[in-house]
Amino acid sequence: MSSSSSSTKDQAALVESSKRAAAFQAVADHLLPSYTRIGVGSGSTVVYVVEAIAALGPSVTDSMTFYPTGAQSEALIEAANLRLQYINKLAPADQLDVAFDGADEVDADLNLIKGGGACLWQEKVVATAARNFVCVADFRKLSDRLGKAWKKGIPIEVLPIAAPRVLGELRAMGARDPQIRSGLPGKAGALVTDNGMWIIDAPFAPLRLPSDEGEAAEGEWTVDALADRLIKIPGVAEIGLFSGKNGLEVASGAQKPVAAYFGMADGTVEVRKAAAAAS
Ligand SMILES: O=C[C@H](O)[C@H](O)[C@H](O)COP(=O)(O)O
C-alpha cells in the first residue's frame, strides 16, 4: 500500500473516531433518562448517536420514542430496536425533549449549513419541534463563517418545476455557479429527496455575523439576511441554513442548537454552547 493511500485511510479513521466521540458525549450530556420523545437526524455522524443511545440499553430506552428525519434515520431507529414514531403524530402543542443531528458546517454563533445528504427539510421540522436541539459533528465542520469550510454551497430544496427560475434568482443574488444536485452515480438526472423535491447547491461568499467588523464587501450577505431572502423565493420548499434563534432564546421553533459537539483530531471533544438572549 502506498504511503498516500495509508494516510488517507488514517485520516478517514480519525474522522470516524472523532464523530463517534462527539456523539457519545452529546448523548451522555443531553439524553436525560426522564425524556420520552427524541428526534434523530440524518447523516453519517447520527449513526454514532444511535449507537450511543442503543448502548444505554432497554432499561433506559424502552420508555422513549424516536422520531426520524427521513428514510435513513427511520432505518437506523428500526435497526437499533428503538420505538419509531413520525413527527406528524406529535400533537402540535407537544415538543420533542431533545433532537440530535449532524451538520455540514457550524459557525461561531451556531448557525448551521445542513443538507449535504439531502435531508434538510424534515431535519428542520424535527429540530424546530425540539426543546433542545443538539448538533454533533467532527473537527472539519468547525468554522467561524459559513461557506469557509463547506464549499459546495447552501443546499436548497426546491420544487422541480421551479428549479430554473430559482437558479436565476440565486445567480442574481450573487451565488457562484449554483447547480441542481445530480443523482449520479446511483441515479441518472437530478437527485430526488425523500419529499420528491430537488436540491440546488448555491455557493455564496462566506456569510457575515452581526459581530463582524467592517463594512460588508460587494456580494457578502449576513446569515440571517440571506436565510430570510432565500426562503421567500417562489418554488423554494426549505433551505439548509439553520439560523435565527437558539433554544435558550425561544421556548419553541429554534433552528439553532443549544450546543454543538465536535470530535477533535486529538481525541478530545470540543463543545460550543449557545448563549441565552441578552435581557
Ligand atoms: O442532509 C443531511 C444532513 O443535514 C446531515 O446531518 C449533514 O449533511 C451532516 O452529515 P454527516 O454527519 O454525514 O457529515
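Assorted remarks:
- Segment 154-241 shape via C-alpha gyration tensor axes, a/c threshold 1.5: prolate
- Cα-based shape type of the chain, given that a ≥ b ≥ c are square roots of the gyration tensor eigenvalues and the cut on a/c is 1.5: rounded
- Taken one residue at a time, the phi angles of segment 35-46 give Karplus couplings (6.51, -1.76, 1.60, θ = phi - 60°) of 6, 10, 10, 10, x, 10, x, 10, x, 6, 6, 5 Hz. Gly and Pro are set to x.
- Cross-link table Lys9/Lys114; Lys124/Lys148; Lys124/Lys152; Lys89/Lys141; Lys148/Lys232, entries beyond 30 Å C-alpha to C-alpha: Lys89/Lys141
- Euclidean distance between Cα centres, segment 141-178 to segment 100-133, Å: 16 Å
- Cβ-derived FRET efficiency at R0 25 Å, Ile231 paired with Leu191, nearest 0.05: 0.75
Every number here is computed from the coordinates shown, using simple stated rules; none is lab data. The structure presented is a predicted model; accordingly, all values stated were derived computationally and were not measured. Heads up, the Cβs are rebuilt from the backbone with ideal geometry, glycines too, and the neighbour counts pull from every protein chain shown.
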